[in-house]
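The values are calculated or read from the model by the stated rules, or taken from the named source; none is laboratory data. Because the structure is predicted, anything quoted here is derived from the model rather than measured. Neighbour counts are summed over all protein chains in view; Cβ atoms, including those assigned to glycine, are modelled from backbone coordinates with ideal geometry.
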Amino acid sequence: MKKILVIGMADSIHTAHWVERIVDSDMVIHFFPSRKHRKFHPLLLDIESKFSNFKLLRRYPTSLIAPYWNYFCDSIAKHFTNRKLQQLKKTISLNNYDFIHALELQHAGYLALDLDATTLETTKLIVTNWGSDIYFFQNLPVHLQKIQRLLEITDRYSAECSRDYELANKLGFKGEFLPIIPNSFSNEEAQGKFILTSDRTQIIAKCYGEVFGLGSLLVSAVESILSDNSKYNFFLYSVTRDLEETVANLSAKFPSRLKFSTVRNSLSHKELLLEFSKSRIYLGASISDGISTSFLEAMTQGAFPIQTNTSCASDWLQKGCLGIAVEPNLESILESLRISINDDELVNKAQAINPLILEQHTNFDILSKIAKSFYNV
């Protein structure tokens, strides 16, 4: 029976969705946290309770206070910075793993850089690119060196779009490319009343700022549309701290036409999908992104998707989905918004076509079969 060690973010729904795809198999699967965390994601805990072949590797004794103890220890004991690596090496030495799978580069992947060469001679290393792992971090010299070193020792590589396969090849990867599939997307049924897209008067936008988001650019676009077109309302979600005041001020200016939720006070997944199902258009903008789960979720709910071309959106448009991959500047974003505001036929056609194409490529059974094939000897 094959033994797999998955290294990833313990509190991430994306990690949990990947494990969910592969756990109902004849493989033994262990999970090792790649960074400090206050708790395991509930779905991972649920999977562990249901499947005897899946085990979460805990670095500290399990108890009600263990998650907080983990966080406390990791925060104050800087002289134990190598503890995680030593724990990982000990775990590997006690198990004869066929594969070590790093889900994401900057935490899970970099841990593999310090593994013994003899370990990698007997165990195949799989690395999965998440989001901006290569696309953004290749621009930072320190990260570029680590990425290149990691790709040199990687046997198999996967990512969510062709862009990141080309980049891996450019950065020196010589191993096996695995199939392109979404890392975690779970196709959802339409929420609420499925209203014809052309009859919807809401536009939804992910207003994320900080390092990767271009939320400030979206706020400018939103204000322009609110000022020019009285028909449409906006819902901004995932507003980050750096943009909260700006968005609140804009909402005060248009109190009945602009609502928002913040990262600190976020919607549940079901609530967010309901907002998508009431929206004519979805808008996302960032300096760097991967597949953009929001882009796909918008399509499942009939919202016409507009995403900056710094993401993997183009791959889905090439598959036949209808939407717009736009340049990350105000002029291009406004032009795309106005096109989709004024073209009822376009947004209705997208509502009919996009869910069908998504189902062809994101059906759970199909994705599960492909995911399991990653570990074929």
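Okay, here's what the table says:
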| item | result |
| --- | --- |
| Subset of segment 107-163 (residues that are closer than 18 Å to Thr91 by Cβ and of a type in the set (Phe, Trp, Tyr)) | Tyr110 |
| Filter pass, Asp242 being over 27 Å from Lys319 (Cβ atoms), of a type in the set (D, E, K, R) and not assigned by TED's automatic domain parsing to the domain that holds Ile353 | no |
| Answer residue from segment 1-47, given it is acidic (Asp, Glu) and buried (at least 17 other Cβ atoms within 10 Å of the Cβ) and is farthest from Ile181 (Cα to Cα) among those | Asp11 |
| Residue within segment 242-255 that is basic (Lys, Arg) and under 18 Å from the mean Cα position of the chain (by Cα) present | no |
| Spans of helices (runs of 4 or more DSSP H) in segment 236-339 with at least 2 residues surrounded by fewer than 17 Cβ atoms within 10 Å (Cβ to Cβ) and in contact with an Asp or Glu (Cβ under 6 Å, 6 or more places away or on another chain) | none |
| Residue check, Leu140 in the same structural domain as Trp18 (by TED's automatic domain parsing) and either at pLDDT below 95 or of a type in the set (S, T, N, Q) (or both) | yes |
| Subset of segment 120-141 [farther than 16 Å from Gly172 by Cα, part of a helix (DSSP H, G or I) and either hydrophobic (A, V, I, L, M, F, W, C) or touching a Phe, Trp or Tyr at 6+ places or on another chain (Cβ under 8 Å) (or both)] | Leu120 |
| Of all residues making up segment 363-373, the number that are crowded, with 19+ Cβ neighbours inside 10 Å and either under 16 Å from Ala303 (Cβ atoms) or not small (Gly, Ala, Ser) (or both) | 1 |
